[in-house]
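Engineer: Take this structure, written in structure tokens, and hold onto it; I'll ask about it next.
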Amino acid sequence: MIEWNYHKTGALLTTGLLAGATACHEQPKTPDRPNIVYIMTDDHTAQMMSCYDTRYMETPHLDRIARDGVRFTNSFVANSLSGPSRACMITGKHSCANRFFDNTTCVFDGSQQTFPKLLQRAGYQTALVGKWHLESLPTGFDFWEILPGQGDYYNPDFVTQRNDTVRREGYVTNIITDDAIRWMDQERDPSKPFCLLIHHKAIHRNWMADTCNLALYEDRTFALPENFFDDYEGRPAAAAQEMSIVRDMDMIYDLKMLRPDRETRLKSLYEQFIGRMNPEQRAAWDAFYGPVIEEFYRKNPQGRELAEWKFTRYMRDYMKTVKSLDDNVGRVLDYLEEKGMLDNTLVVYTSDQGFYMGEHGWFDKRFMYEESMHTPLIMRLPKGYAAHGDIPQLVQNIDYAPTFLEMAGVEVPDDMHGESLAPLLRGEQPAEWRDALYYHFYEYPAEHMVKRHYGIRTDRWKLIHFYNDIDVWELYDLAADPAEMHNLYGKPGTEEVTADLKARLQALQEQYGDPVRFGPEHDKDMPR
């Protein structure tokens with residue numbers, strides 16, 4: 001039996017052992033060809049899921065997946081950016097191999113191998129509903145309906161398989177869930193196993209909540225993270241970003257403080273978003289935000305008071321958007337249970353990356369630092385899989401594709417970079433599981449101006465190299481400095497660990513075929 005405890009920061013821990021983990025117990029037979037429901041959100045960070053962290057909000061339906069299944073405590077992405085992360089997930093390969101490096105210059109090559117194509121060939125029905133964000137149209141799906149680009153929260157457009165664009169009335173998280181349930185209920189072939197990808201726009205910037213949730217959490221205040229006013233000493237790449245809540249979070253686009261006499265860089269874009277609302281939606285929106293706007297400009301906060309106000313407004317809006325997402329995850333679970341499919345379905349919930357909730361003073365992602373490289377990953381397992389509770393091994397989003405294939409009884413191609421998580425889900429403890437992860441971020445110069453960088457993360461250490469128009473290394477002892485505030489690179493006593501990490505980093509680059517070379521001249525090898 002698993003016993004759940006909370007440690008002092010509120011993150012959920014287990015004190016029990018993974019069920020069936022000992023090799024001396026015979027493992028139950030795994031089910032044949034389970035259904036797969038893969039739910040992925042955008043920018044949902046583990047800090048804002050109560051099965052990981054109870055400081056901020058409750059997510060009872062997501063917690064239900066973790067409570068009834070498994071929670072990965074060391075889950076990471078290979079490139080913390082929406083499109084590249086999705087390409088890594090669907091191919092099982094790092095960006096250097098799937099060739100989708102960034103959101104600004106790349107178009108996904110839909111002719112390449114993906115796990116939906118391999119499942120489809122093996123007799124699975126495959127479907128995708130929601131955000132795609134890979135520029136080309138989806139391939140390998142029997143049914144798909146996607147948001148163009150980032151999509152809209154209110155009355156969004158969808159691109160259909162007929163290659164036409166239709167506008168749907170309502171709130172995007174509800175609509176995506178409606179379409180996913182309708183496909184399972186009315187359009188799929190019930191004689192075949194299926195793999196359904198439910199890809200939400202939520203909780204992407206600019207965190208526009210459903211009208212029914214606008215008034216939630218307005219009584220909540222939040223302590224600033226200890227490093228909210230980080231001065232980035234010894235970390236010039238961290239200092240160069242443009243994702244500061246204080247400096248870069250837009251008063252109108254992000255925080256909705258729209259007044260005709262106020263101009264900001266993103267005002268016109270925000271006006272396009274709220275212009276999509278129907279009269280009832282707009283009336284509810286204005287009824288809520290009108291008094292908030294009036295109070296803000298009357299008080300006219302400045303300095304630290306303004307910083308705290310912006311952080312509070314951001315947190316509340318983010319949480320309201322999560323609330324709708326959590327409710328809709330509950331709808332999917334309830335449908336599967338009602339139809340008797342839950343026990344033969346792998347239900348996966350994750351995000352395309354983590355996100356900053358004020359840590360280092362930031363919002364957004366991109367960096368290899370923990371809050372953005374780490375991503376939540378919880379699963380409810382089909383019958384026959386013995387694992388339950390926490391799984392501590394280092395896993396990455398390149399692992400999802402081989403996992404789904406193995407669980408479906410499909411041979412995993414040798415050229416996939418990821419490792420199947422199926423042994424961990426069976427409750428096994430593989431003796432030779434990976435002990436290091438590789439990361440590479442390419443999108444610079446671009447929005448938020450995070451420098452290009454690559455690096456290696458082990459259970460204790462992280463080594464990062466920022467390059468292109470900068471040549472800076474950073475080394476962190478995650479055990480002693482989990483907030484990554486103290487760059488140890490070049491400090492006396494770190495020579496041995498640095499040399500070892502550099503050797504291991506280069507070995508990973510060679511393993512994955514990444515053409516990076518150490519030194520200032522290596523930018524010539526990188527995609528532009």
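Engineer: If one computes the Cα centroid of region 241-292 and of region 301-319, what distance in Å separates the two points?
Structural biologist: 14
Engineer: Further, regarding this structure: Would you please give the FRET efficiency between ASP157 and ALA499, computed as 1/(1 + (r/R0)^6) with r the Cβ-Cβ distance and R0 = 51 Å, to the nearest 0.05? Spell out each step's value before the answer.
Structural biologist: Values: r = 53 Å, r/R0 = 1.04.
The pair ASP157/ALA499 has a calculated efficiency of 0.45.
Engineer: Based on the Cβ-Cβ distance from ASP435 to GLU294, what FRET efficiency comes out when R0 is 41 Å, to the nearest 0.05? The partial results should precede the final answer.
Structural biologist: Numbers: r = 56 Å, r/R0 = 1.36.
In this case the efficiency is close to 0.15.
Engineer: Still on this structure, I have one more. Testing the spin-label approximation: label points 7 Å from Cα along Cα→Cβ at THR104 and ASP286. State their distance in nm.
Structural biologist: 3.7
Engineer: Order by neighbour count: CYS106, CYS212, fewest other Cβ atoms within 10 Å first, most last.
Structural biologist: Least crowded to most crowded, the residues run CYS212, CYS106.
Engineer: Quick check on packing: order 156-167, 67-78, 309-320 by the mean number of other C-beta atoms within 10 Å, highest mean leading.
Structural biologist: Values: 156-167: 13.0, 67-78: 22.6, 309-320: 21.1.
Ranking the peptides 156-167, 67-78, 309-320 by packing returns 67-78, 309-320, 156-167.
Engineer: For THR104, THR498, THR173, which order do you get if you count the other beta carbons within 10 Å of each Cβ and list the fewest first? Before the final figure, lay out each step's value.
Structural biologist: On the way: THR104 13, THR498 17, THR173 27.
Ordered by Cβ neighbours within 10 Å, fewest first: THR104, THR498, THR173.
Engineer: While we're looking at this one, here's another question. Near the amide H of SER136, under 5 Å away, which other amide H atoms are found, from residues 5 or more places off or on another chain, if H is placed in the peptide plane?
Structural biologist: Here the answer is PHE108, since their amide H atoms fall under 5 Å of that of SER136.
Engineer: Counting Lys +1, Arg +1, Asp -1, Glu -1, what net charge surrounds GLN161 among other residues with beta carbon under 14 Å of its beta carbon? Before the final figure, lay out the partial values.
Structural biologist: Details: positive: ARG162; negative: ASP142, GLU145, ASP164, ASP179, GLU187.
Net charge around GLN161: -4.
Engineer: Another one. Treat the count of other C-beta atoms within 10 Å as a stand-in for reagent exposure and order GLU428, GLU294, GLU280, GLU371 from fewest to most.
Structural biologist: Neighbour counts put them in this order, fewest first: GLU280, GLU294, GLU428, GLU371.
Engineer: Restricting to the chain, compute how many DSSP beta bridges are antiparallel as a %, nearest 5.
Structural biologist: Around 55 percent antiparallel, to the nearest 5.
Engineer: Shifting gears a bit: Dipole of the chain, Cα-centred, from +1 at each Lys and Arg C-beta and -1 at each Asp and Glu C-beta, to the nearest 20 debye?
Structural biologist: So the dipole magnitude of the chain works out to roughly 600 debye.
Engineer: Would you grab the residues whose amide H sits under 5 Å from the one on HIS204? Only those 5+ places off in sequence or on another chain, please, with H modelled 1.01 Å from N.
Structural biologist: ASP42
Engineer: I'd like to compare 231-244, 337-350: which one has the highest average count of other Cβ atoms within 10 Å, and what's the full order after that?
Structural biologist: Descending mean neighbour count gives 337-350, 231-244.
Engineer: Roughly how many nanometres apart are two label points built 7 Å out from the Cα toward the Cβ at ASP185 and ASP343?
Structural biologist: Between ASP185 and ASP343, the simple spin-label model gives 2.3 nm.
Engineer: Same structure again: Report the FRET efficiency, 1/(1 + (r/R0)^6), for GLU305 and ASN278, where r is their Cβ-Cβ distance and R0 is 41 Å, rounded to 0.05.
Structural biologist: Once rounded, the FRET efficiency stands at 0.65.
Engineer: Highest mean first, how do 466-476, 259-269 rank when packing is the count of other Cβ atoms within 10 Å averaged over residues?
Structural biologist: So the order, starting with the most tightly packed, is 466-476, 259-269.
Engineer: Now for a different question. Measuring from a point 7 Å past the Cα of GLN113 along Cα-to-C-beta, which residues in region 406-441 have an amide N at less than 12 Å?
Structural biologist: 411-418
Engineer: Report the dimensions of the chain along its three principal axes from the alpha-carbon atoms, largest first, rounded to Å.
Structural biologist: Each principal axis gives a Cα extent; for the chain these are 69, 64, 47 Å.
Quick note: the coordinates plus some simple rules give every number you see, no bench work behind them. Because the structure is a prediction, the values reported are computed rather than measured. Neighbour counts are summed over all protein chains in view; Cβ atoms, including those assigned to glycine, are modelled from backbone coordinates with ideal geometry.
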